[in-house]
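Report on the following structure.
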Amino acid sequence: MRWLVGWAADHASGAGGAARPGQTIQPVGARQLWDGPDPLWAVGDWRPDEVRLVEADGGGRLAVLGSCGASDEQLRIGLFAARGGALRHLTAWPGSYTAVVRVGRRVTITTDLAGARPVFHTPWAGGTAYATAALPLADLIEAQLDVGHLAALLACPDAPEALGDGTPYAGVRRVPPGHALVMRDGRSRETVSYEPAVPTVVAAPPVDAEAAVAGVREALVEAVRVRLAAPRHAPVPDLGSLDPGPLPDGGFRGPAPLPL
């Protein structure tokens, strides 16, 4: 299992006596990507090429975890745009990844349009804890099972609309696909859409069919190219522990039998 986990909490108030994030509580076996009042960790066996960090002059950090085909310069430009509130481009690079932006005390984490890389959040320590898996957050707040969510999942397995933004754990919510979770100063959070509010079928001009097919083909080819260019991480076998198998002489070892 691999996931991102972080939090944005109100340190000024001390969360009513609750443990302050980053001081007494941190994920076990995690790599800290950045510290400060809104820390972020990568938990699990992330490869070095799957963790990319970009910093901007004057403040601002961008963490991209996963397989991302953007160059370092594209990531830097994306960070500059995200500082101004533009988020859609953070999900437009080829690959499969999760992007987290921190500008001052504003932390933003995006989901993809298909929901293949989900984001979850829950109130904690006077602020918000978030992760790319629901179970760590459920353990953090000792959440109970959400019976209503499980019932809806059994009754309508093919209708995700019936589940809404709920999860099997009470108090843990999911960020919908095509949205971003924005946290400010550890005191407020909101879920915003980075897609156009007006339906593209009505607002966008007509598109030539051949141009549309060419665009889809180019996106697929670029995605496959990024996947094939990614380093391979094959485990090194321990040849000393392998059985060499039967020997050509029948498999017997040791001294030859004495003649009768």
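Worth pointing out:
- Candidates GLY59, GLY44, GLY14, GLY22: the one that is at pLDDT below 85 and in contact with a Lys or Arg (Cβ under 7 Å, 6 or more places away or on another chain) is GLY14.
- Residue in segment 87-102 that is in contact with a Lys or Arg (Cβ under 6 Å, 6 or more places away or on another chain), within 21 Å of ASP165 (Cα to Cα) and either open to solvent by less than 50 Å² (accessible area, probe 1.4 Å) or assigned to a strand (DSSP E or B) (or both) present: yes
- Taken together, the residues in segment 21-30 that are surrounded by fewer than 19 Cβ atoms within 10 Å (Cβ to Cβ), assigned to a strand (DSSP E or B) and not β-branched (Val, Ile, Thr) amount to 1.
- Check on ASP208, of a type in the set (D, E, K, R) and at pLDDT 60 or above: yes
- Sole exception among (1) more than 13 Å from the chain's Cα centre (by Cα); (2) crowded, with 21+ Cβ neighbours inside 10 Å for ILE109, by number: (1)
- Residues that are crowded, with 16+ Cβ neighbours inside 10 Å and either in contact with a strand residue (DSSP E or B) (Cβ under 6 Å, 6 or more places away or on another chain) or touching a residue at least 24 places away in the same chain (Cβ under 8 Å) (or both) within segment 142-161 comprise ALA143, ASP146, listed in sequence order.
- The residues of segment 31-69 that are surrounded by fewer than 17 Cβ atoms within 10 Å (Cβ to Cβ), in a strand (DSSP E or B) and among the aliphatic types (A, V, I, L, M), listed by number, are VAL51, LEU53.
- Restricting ARG187, ARG225, ARG217 to those that are closer than 30 Å to GLY6 by Cα, modelled with pLDDT of 70 or more and open to solvent by 60 Å² or more (accessible area, probe 1.4 Å) reduces the list to ARG187.
- Every residue from segment 162-173 that is closer than 16 Å to GLY127 by Cα and open to solvent by 40 Å² or more (accessible area, probe 1.4 Å): ARG173
- Test: GLY115 is under 12 Å from the mean Cα position of the chain (by Cα) and at pLDDT below 95: yes
- Where ARG117 falls short, out of the listed (1) touching a Ser or Thr at 6+ places or on another chain (Cβ under 7 Å); (2) buried (at least 20 other Cβ atoms within 10 Å of the Cβ); (3) not aliphatic (A, V, I, L, M): (2)
The values are calculated or read from the model by the stated rules, or taken from the named source; none is laboratory data. All values derive from a computational prediction rather than experimental measurement. Cβ sites come from the backbone with ideal geometry, for glycine too, and all protein chains shown count toward neighbours. For the accessible areas, the whole protein counts, side chains as well, though only heavy atoms, and no ligand, DNA or RNA atoms are used. Shrake-Rupley method; radii C 1.70, N 1.55, O 1.52, S 1.80 Å.
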